[in-house]
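The values are calculated or read from the model by the stated rules, or taken from the named source; none is laboratory data. The shown structure was predicted, so the numbers you read here are calculated from the model rather than taken from an experiment. Neighbour counts are summed over all protein chains in view; Cβ atoms, including those assigned to glycine, are modelled from backbone coordinates with ideal geometry. With ligands, DNA and RNA removed, areas are computed over all heavy atoms of the protein, side chains included. Shrake-Rupley method; radii C 1.70, N 1.55, O 1.52, S 1.80 Å.
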Amino acid sequence: LRPAAAVEGTGGMTADLARWLSRGDRPAMVSSKIEQDYFPGMGFGFKAGEKVEANETLMEVPPSAFLSLKTATEGPLKPVVLDLFESNCSANAILAVHLLHERGLGAASNYSEYVASLPRAFDLPLVWTNEELGELNGTQLLTKVIQQRRAVELEYQERVLPVLQRLRHASLLGEAFPTDLASYLWAQCCVLSRAFLVHTEDAKLPVLIPGVDLFNVGPVDTHLDIDQDSGIVRIISNQEYDEGEQVFLNAGSEPNLGYMLTQGFALANNPEDFVELFVSFDRNDPFLDTKRRILRYLGVEHTDESIFVMQRKGKIPRDLLTSLRVHTMKPSEFDSFKQLENGKRLSLQNELDVSREVLLTCQKSLRAFPTSVKEDDEILLMPGGLDRRKAYAVLYRRSEKLVYIEAMHAITERWNNILFSGEDGAMAA
């Protein structure tokens, strides 16, 4: 390991940030086998300057470099932080205020070199324009982004801003502290995209770890390890990297919906992708109470509008099929409800009704998109490339469509297997 070193240019591991990380009794260290580079569409990251073996330490950063709720309460911002806690502000909101305070201090901040190295703008959908969000029409992500933005803005207006505007904090925060929404959203984007969740006894809390947050996230084996005694964070390679290969950090498996909300990117053919299907009771159904009791007996959690998660590769939840079987039951079939135990089917007609319901739902969802998968592929392959936000929006909506298409293929194949099996009895889902 060697002290942190910089590359030419701005952002990433700047010269000032490298010097700052190398100071102190326990400086941050970086493996001589990795070096910083700029990756189109992803920004700064690290690549192998020479072959990296498995189980090598690639970076270590001491806790003295962290920004966290702990450092927020230990510094001059403590009175503000205590008021934010009392106002039931989220951990992300408090860390965002901590970051804004350090930025307002400028060169007087103990973290000035780190803050100066942070991007001035982010590509998270949280800050996209309405026109850019229009590329997500038809997706479930669009609803999540709107909910996320409303929640962040509401917390800021009703909880954070009133604390910041209290007279007793005026001298502490000073005129340099930004209280505009745009600055707060910038800080929230920093926390969402760069903070790591650290487990405590009571909760998972966000922590900004300078240097470590420069690794781009990907589905690899390289992981973050925290020394429980010293608090030092280490990045360990659990796999080999060839020279020139980008070194990703595994922050846990995520669907593209999670990546988009917190990182602003999507992976092609992400196996973790899913969509949510909503199953509602017809309140005018005269047999509503009977069907509810059957579902309770079968151990299927059900409310007036239940949500079921449907994953890639046609993974249709057993409870979704059971719920639909009960929904489509005829009164003459009620006495046979025990046949549905353990995800088994009731009758050919009932199974046909269930299959048709899944197919129609998927078809309706696909029609809500302004484009097809084929058209998305053509857009992604356009000469000259796309704006980063549009590219990931198209890639994301394509990934949702694949879940529906694969579910349609799976339910069709499943029905054909039932039909041609010649059996009319129960069959495992």
Are there any pairs with C-beta distances below 6 angstrom linking a residue in region 135-156 that is closer than 20 Å to I379 by Cα to a residue that is of a type in the set (K, R), with the two at least 6 apart or on different chains, and if so which?
E135/K390; T139/R397
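Looking at region 293-315, which of the residues that are assigned to a loop (DSSP other than H, G, I, E, B) and hydrophobic (A, V, I, L, M, F, W, C) is farthest from the chain's Cα centre (by Cα)?
So in region 293-315, the residues assigned to a loop (DSSP other than H, G, I, E, B) come out as 298-304, 312-314.
Imposing the further condition that a residue be hydrophobic (A, V, I, L, M, F, W, C) reduces the set to 298, 300.
On the way: L298: 33, V300: 28 Å.
Filtering first and then ranking leaves L298.
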Would you mention how many residues in region 30-42 are open to solvent by less than 40 Å² (accessible area, probe 1.4 Å), assigned to a strand (DSSP E or B) and either in contact with a Cys (Cβ under 8 Å, 6 or more places away or on another chain) or closer than 28 Å to G231 by Cβ (or both)?
3
Assess whether S109 counts as being modelled with pLDDT under 95, open to solvent by less than 70 Å² (accessible area, probe 1.4 Å) and farther than 24 Å from K78 by Cα.
no
Suppose the filter is β-branched (V, I, T), at pLDDT 95 or above, assigned to a helix (DSSP H, G or I) and surrounded by 18 or more Cβ atoms within 10 Å (Cβ to Cβ); does I94 pass it?
yes
Single condition G45 does not satisfy, out of (1) of a type in the set (G, A, S); (2) in contact with a Gly (Cβ under 9 Å, 6 or more places away or on another chain); (3) open to solvent by 40 Å² or more (accessible area, probe 1.4 Å):
(3)
Taking region 316-374 on its own, how many of its residues are closer than 22 Å to Y297 by Cα, touching a residue at least 12 places away in the same chain (Cβ under 8 Å) and under 29 Å from the mean Cα position of the chain (by Cα)?
6
What single numbered condition from (1) within 22 Å of S64 (Cβ to Cβ); (2) in contact (Cβ under 8 Å) with a residue 24 or more places away in the chain fails to hold for V81?
(2)
Can you say whether L320 is in contact with a strand residue (DSSP E or B) (Cβ under 8 Å, 6 or more places away or on another chain), more than 16 Å from G138 (Cα to Cα) and either of a type outside the set (D, E, K, R) or surrounded by 20 or more Cβ atoms within 10 Å (Cβ to Cβ) (or both), as far as the supplied structure shows?
yes
Could you check region 12-29 and list, in sequence order, the residues that are open to solvent by less than 10 Å² (accessible area, probe 1.4 Å) and over 17 Å from A116 (Cα atoms)?
A28
I'd like to verify a number: residues in region 265-284 that are open to solvent by 50 Å² or more (accessible area, probe 1.4 Å) and in contact with a Phe, Trp or Tyr (Cβ under 6 Å, 6 or more places away or on another chain), how many?
0
Are there any pairs, at least 6 apart or on different chains, whose C-beta atoms fall under 6 Å, with the first in region 269-291 and of a type in the set (K, R) and the second open to solvent by less than 30 Å² (accessible area, probe 1.4 Å), and if so, which?
K291/V326
Is it the case that region 308-325 has a residue that's modelled with pLDDT under 90 and in contact with a His (Cβ under 9 Å, 6 or more places away or on another chain)?
no
When you scan region 370-387, how many residues do you find that are among the basic types (K, R) and open to solvent by less than 80 Å² (accessible area, probe 1.4 Å)?
0
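Conditions (1) of a type in the set (A, V, I, L, M); (2) part of a helix (DSSP H, G or I); (3) open to solvent by less than 30 Å² (accessible area, probe 1.4 Å), marked per residue:
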| residue | (1), (2), (3) |
| --- | --- |
| E60 | no, no, yes |
| V81 | yes, yes, yes |
| E102 | no, yes, yes |
| E113 | no, yes, no |
| F122 | no, no, yes |
In this structure, is A107 out of contact with any Ser or Thr (no Cβ under 9 Å at 6 or more places or on another chain) and touching a residue at least 12 places away in the same chain (Cβ under 8 Å)?
no
Is there any pair with a first residue in region 165-181 that is over 14 Å from H98 (Cβ atoms) and a second that is aromatic (F, W, Y) and at pLDDT 90 or above whose Cβ atoms are under 8 Å apart and which are 6 or more apart or on different chains, and what are they?
L181/Y156
Quick check, is S64 touching a Lys or Arg at 6+ places or on another chain (Cβ under 6 Å) and open to solvent by 50 Å² or more (accessible area, probe 1.4 Å)?
no
